[in-house]
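Everything on this sheet refers to the single structure shown next.
The values are calculated or read from the model by the stated rules, or taken from the named source; none is laboratory data. For clarity, every value in this text was computed on a predicted model and none was experimentally measured. Neighbour counts run over all protein chains shown; Cβ positions are idealised from the backbone, glycine included. Surface areas here come from the heavy atoms of the whole protein model, side chains and all, with no ligands, DNA or RNA. Shrake-Rupley method; radii C 1.70, N 1.55, O 1.52, S 1.80 Å.
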Amino acid sequence: MHVLQSDASITPQPAPSRSRSPQPRGRAIVVTSGKGGVGKTTTTANLGTALAQRGSRVALVDADVGLRNLDIVLGLENRVRHHVLDILEDRVSIEDAVVADKWSPTLHLLAAAQAREKDDVDTDRMRELVAQLCERYEYVLIDSPAGIEKGFQNAVVGADEAIVVCTPEVSAVRDVDRVVGLLGSRFTPQLIVNRVRPALVKKGKMLSVEDVNAILRLPLLGVIADEPDVIVAANKGEPLALRADSPTGAAFRAIAARLSGEETPAPTVSLEPDGFFGKLTSLFGGRRSK
Amino acid sequence: MSARRIVVTSGKGGVGKTTTTVNLGAALAKRGKSVVLVDADIGLRNLDLVLGLEKRIVFDLVEVVEGRCQLRQALIKDKRFDSLWMLPAAQTRDKDAIDGAAMANVTEQLAEMAEYVLIDCPAGIEHGFRNAVAGANEAIVVTTPEVSAIRDADRVIGKLSEKHLPVRLIVNRIRPEMVRAGEMLSVDDVCEILSSELLGIIPDDEEVIDTTNRGEPIVLDPTKRLAAMYDKIARRLEGEIVPFTNLDQRSFFDRFLTGLRAG
């Protein structure tokens, strides 16, 4: 069983229940953007939740050493005992460091170290860790820090796919464009356009999804409207992907389905102004798109 | 003459550092102050876009540090204010291209040319943050009323205190109706958690998205409510005592009471 990878750093555990038969390697996906505050952490938490709700085993890795927030958005901040650096520096095993999610039993969090620096992370060890996680989980989502420094490089190093999150603002588009360049030809990043306000787009005061992607030209994975409930959910630590009545949650569930290879309608948000009819259309999954 | 050198930082990205730098700079320039805005976000510059000066860039901060041009050659004058200047970041270089000593040196030189040097810091607390802070003697921390932004601000304030930089807060993107509904932390909550002095409050306003995309600082239009708020912050920065705008539109009586307590 230990033929493919050198599993040297796995601590002897009494008969782990995993891997009765050889499993396909999980998918390691980095969620990044260049610009901060566009929704990387919200996306990671909600996409992870939506995938886990579909029955997948999912690990979320917070790569924002020193400025971690994924634990807060998941409401797990009081349950974190160990962090990524504890594993990389051989103090604990992966099994001991992960925190099981409150809502989705197959969702596990690996928190970032809060009192350390990004330069403390050994890039090669980070790559190994992601590879080890891919043996245990079907999805490994890595929440990248803002920027394009060492923290970004460490977040990307173990990934084999990338999701870039962008908002309809020229500054965010420029930053994403730069990040796509830095990711290089190893990746074909998929795009999520976040915080679209259809009413503003209609008035010509905000870039449309088409405007954004006319510049970036990436496969469109999802579109998410700007809703105030995202702030409330993040403060409460309850991902919206759990809520059947939330349009944002529905958008993340659609992204999870698409990522899993399901045929889904093209991502869009309704251009109806917010209001009763706007809400109504989003309840019907944005069928009136096209 | 030696300028005040103020770094605008936050930890978390996307909370409004660049928007604050531009509008505060423009508000100070409107008051007749000479101001240089420095984009310290090497590789992910945006200050030029928000000022609408992206097409005028010839040289950048890294080229100044590497001695490939004079500092004066790299400065770009604003289209609207004669006393507002920008020093752009390099876009195709890394933050490692310069170090703290070089940044402090550039900031010192700029301080001889203007009354205010505002340094727009990149997100995070890595090398780019250390560079941005290196030349500053004051700090403005921008945060939003969200738990994650506050946690990051707290971490940054710790780092700034290690450097003995005085810190003042701008709480950005307040939504009074959400605060009232108990769905958002209030300005008082934020200041209490961060135990820092308040410099300004800016409500969430969708106009900012449009003005940012068009490269027009919102302070240019006196009819916009945010223009008045940035003007107030500029006056506070100048040492004036300016009452804080009460965003809470409850009843007159409530406002009266709050006024009493604050007074």
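Here r is the Cβ-Cβ distance between B:Asp188 and B:Ala104 and R0 is 30 Å; the resulting FRET efficiency, rounded to 0.05, is 0.25. Remark: spin-label model distance B:Thr245-A:Lys236 equals 2.9 nm, labels positioned 7 Å along the Cα→Cβ axis. Based on protein heavy atoms only, the range A:27-283 ends up with 37 Å² per residue of surface accessible to a 1.4 Å probe.
Computed over the protein assembly as shown, the range of Cα coordinates on each principal axis works out to 74, 56, 47 Å, biggest value leading. Relative contact order for the range A:97-217: 18 percent, from Cα pairs under 8 Å spaced at least 6 residues apart, divided by residue count.
Amide H contacts for B:Leu198 (H built 1.01 Å from N in the peptide plane; partners 5 or more residues away or on another chain; cut-off under 5 Å): B:Leu169.
Can you list the residues in the range A:52-99 whose accessible area drops by at least 50 Å² when all protein chains are present, compared with the chain alone? Use a 1.4 Å probe, heavy atoms only. Those are A:Leu67, A:Asn69, A:Ile72, which lose 50 Å² or more relative to the chain on its own. Between A:Asp122 and A:Arg243, the simple label model (points 7 Å from Cα in the Cβ direction) yields a spacing of 4.4 nm. Magnitude of the charge dipole for the protein assembly as shown, about its Cα centre and with charges confined to Cβ atoms of Lys, Arg (+1) and Asp, Glu (-1), is about 1080 debye. Between the alpha-carbon centres of the range B:163-208 and the range A:104-169 there is a gap of 30 Å. Charges were assigned to the Cβ only: +1 to each Lys and Arg, -1 to each Asp and Glu. The resulting dipole of chain B about its Cα centre is roughly 460 debye.
Hey, quick one: spin label on B:Asp94, modelled 7 Å out along Cα-Cβ, who in the range A:160-182 has an amide N within reach, i.e. under 17 Å? Correct set: A:179-182.
Here the peptides A:185-198, B:83-96 are ranked by packing, the mean other Cβ count within 10 Å, and the order with the highest first is B:83-96, A:185-198. What is the Cα centroid distance between the range B:88-108 and the range A:222-274, reported in whole angstrom? The two parts, judged by their Cα centres, are 40 Å apart. Expressed to the nearest 5 percent, the antiparallel share of DSSP beta bridges inside the range B:4-262 is 5 percent. Chains B and A together bury some 3600 Å² of accessible area, summed over both sides, with a 1.4 Å probe.
Using the Karplus relation 6.51 cos²θ - 1.76 cosθ + 1.60 with θ = phi - 60°, the per-residue 3J(HN,Hα) values for the range A:26-41 come to x, 9, 9, 10, 8, 10, 9, 6, x, 6, x, x, 9, x, 4, 5 Hz, with x marking Gly and Pro. So what is the diffusion coefficient of the range B:1-48 in µm² per second by Stokes-Einstein at 4 °C and 1.567 mPa s, using a Kirkwood Rh over Cα pairs? The estimated diffusion coefficient comes to 110 µm²/s. Along the charge dipole of the range A:97-231, which of A:Ile215, A:Ile163, A:Ser185 sits closest to the positive end, that is, farthest toward it, with unit charges on the beta carbon of Lys, Arg, Asp and Glu (+1, +1, -1, -1)? Farthest along the dipole direction, towards plus: A:Ile215.
For the range B:21-36, 3J(HN,Hα) computed residue by residue from phi via the Karplus equation (6.51, -1.76, 1.60; θ = phi - 60°) reads 4, 5, 6, 5, x, 5, 5, 5, 5, 4, 7, x, 7, 8, 9, 10 Hz, glycine and proline entered as x.
With a 10 Å cut-off around each Cβ of A:142-151, the average count of Cβ atoms from other chains is 6.
Using R₀ = 45 Å, calculate the FRET efficiency as 1/(1 + (r/R₀)^6) where r is the Cβ-Cβ separation of B:Glu206 and A:Asp90; round to 0.05. With a Förster radius of 45 Å, E is 0.35.
Solvent-accessible surface of chain B, averaged per residue with a 1.4 angstrom probe and all protein chains in place: 40 square angstrom. Summing charges over neighbours of A:Ala233, with a neighbour being any other residue whose Cβ is under 13 Å away from its Cβ, gives -4 when K and R count +1 and D and E count -1.
When all alpha-carbon pairs of the range A:148-223 are counted, what percent fall beyond 17 Å?
Numbers: 1261 of 2850 pairs.
Considering the range A:148-223, 44 percent of its Cα-Cα pairs are separated by more than 17 Å.
Across peptide B:208-216, the mean count of Cβ atoms from other chains lying within 10 Å of each residue's own Cβ comes to 4. Across peptide B:9-21, the mean count of Cβ atoms from other chains lying within 10 Å of each residue's own Cβ comes to 4.
Of all DSSP bridge pairs formed entirely within the protein assembly as shown, close to 5 percent run antiparallel.
Here the relative contact order of chain B, from alpha carbon pairs under 8 Å that lie six or more residues apart, stands at 24 percent. For the range B:99-148, relative contact order (Cα pairs under 8 Å, six or more residues apart, normalised by length) works out to 44 percent.
Taken about its Cα centre, the range A:184-248 carries a charge dipole of roughly 220 debye when the Cβ of each Lys and Arg holds +1 and the Cβ of each Asp and Glu holds -1.
Measuring nothing but protein heavy atoms, the accessible surface of the protein assembly as shown at 1.4 Å probe radius is 51 percent carbon and sulfur. Positive end of the dipole of the range B:4-262 (Cβ unit charges, origin at the Cα centre): among B:Gly52, B:Val179, B:Leu169, the Cα lying farthest that way belongs to B:Gly52.
Remark: C-alpha extents of the range B:4-262 on the principal axes read 62, 38, 30 Å, sorted largest to smallest. Pairs with C-alpha atoms separated by more than 26 Å, drawn from the list A:Lys102/A:Lys150; B:Lys12/B:Lys33; B:Lys79/B:Lys159; B:Lys17/B:Lys159; B:Lys33/B:Lys95; A:Lys205/A:Lys236, are A:Lys102/A:Lys150; B:Lys12/B:Lys33; B:Lys79/B:Lys159; B:Lys33/B:Lys95; A:Lys205/A:Lys236. Summing charges over all other residues whose Cβ lies under 14 Å from the Cβ of B:Leu237, with Lys and Arg as +1 and Asp and Glu as -1, gives +3.
Distance between the C-alpha centres of the range B:113-135 and the range B:1-50: 9 Å, rounded to the whole angstrom.
Taking the charge dipole of the range A:27-283 about its Cα centre, with +1 at Lys and Arg Cβ atoms and -1 at Asp and Glu Cβ atoms, the residue from A:Leu141, A:Phe252, A:Pro228 reaching farthest to the positive side is A:Pro228.
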